[in-house]
Amino acid sequence: MTREDALIELMHAHQRGIWRYLRFLGADVALADDITQETFIAAFEKPFEERGHAAAAAYLRLAARNLFLNVLRREKRQLPFDVEEAERAWLALTPAENSDERLDYLRACLDELPERGKRAIELEYRENKSGREIAALMQTSEDAIKALLKRARGELRECIESKQRRSP
């Protein structure tokens, strides 16, 4: 696998989580977009040894947090809270997001979805298709796709939560 392919894989796995973390810290949408991009550029320029999903997420969160704090320093702004306390709160609020277990559950639950729902989810999240594009590919209306995606996401959520409850 090339470095570029590894970066793309890393971005697919962590981009949304890093962006949500930055928003949690108080970055506005545009700044969260910019810093998320800068985080992955930094990871590409100075590669790190990936040791699983949770370790990569922690490394990328630290890099993103430092980039965000640098922006605040340049703008002579301060966070209204302790950043270490925010990190602890983030981990407490998103324990499953910071483990490989939740991704394993997601993969298993995707396999359990009805074929149309699974296809719509894959088109939206893996192939980044719009609702209009998905509707055209699946030969249905955008409203039908919205309903299908809503139902499929609900089924995935219920399946993942069920697996988490059964987990020791």
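The values are calculated or read from the model by the stated rules, or taken from the named source; none is laboratory data. Just so you know, these numbers come straight off a predicted model, no measurement behind them. Cβ: placed from backbone, ideal geometry, glycine included. Neighbour counts: every protein chain shown.
Tabulated data for the structure shown
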quantity	calculated
Hits in the range 44-78 - residues which are touching a residue at least 24 places away in the same chain (Cβ under 8 Å), more than 21 Å from residue 90 (Cα to Cα) and part of a helix (DSSP H, G or I)	44
Filtered residue count, the range 84-125, keeping only those that are among the aliphatic types (A, V, I, L, M), at pLDDT 80 or above and not assigned by TED's automatic domain parsing to the domain that holds residue 153	2
Pairs where the first residue, in the range 120-139, is under 19 Å from residue 110 (Cβ atoms) and the second is part of a loop (DSSP other than H, G, I, E, B), C-beta under 8 Å, 6+ apart	120/138; 121/113; 123/129; 123/138; 137/129
Residue check for residue 65: under 19 Å from residue 34 (Cβ atoms), surrounded by fewer than 11 Cβ atoms within 10 Å (Cβ to Cβ) and at pLDDT 90 or above	no
Every residue from the range 68-94 that is basic (Lys, Arg) and under 24 Å from the mean Cα position of the chain (by Cα)	88
Residues within the range 13-31 that are within 17 Å of residue 54 (Cβ to Cβ), surrounded by 17 or more Cβ atoms within 10 Å (Cβ to Cβ) and under 8 Å from the mean Cα position of the chain (by Cα), tallied	3
Filtered residue count, the range 1-43, keeping only those that are closer than 23 Å to residue 82 by Cα and part of a loop (DSSP other than H, G, I, E, B)	3
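Conditions (1) in contact with a helix residue (DSSP H, G or I) (Cβ under 6 Å, 6 or more places away or on another chain); (2) surrounded by 15 or more Cβ atoms within 10 Å (Cβ to Cβ); (3) at pLDDT 90 or above; (4) of a type in the set (A, V, I, L, M), marked per residue:
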{"site": "134", "(1), (2), (3), (4)": "yes, yes, yes, yes"}
{"site": "140", "(1), (2), (3), (4)": "no, yes, yes, no"}
{"site": "152", "(1), (2), (3), (4)": "yes, yes, yes, yes"}
{"site": "155", "(1), (2), (3), (4)": "no, yes, yes, no"}
{"site": "164", "(1), (2), (3), (4)": "no, no, no, no"}
{"site": "168", "(1), (2), (3), (4)": "no, no, no, no"}
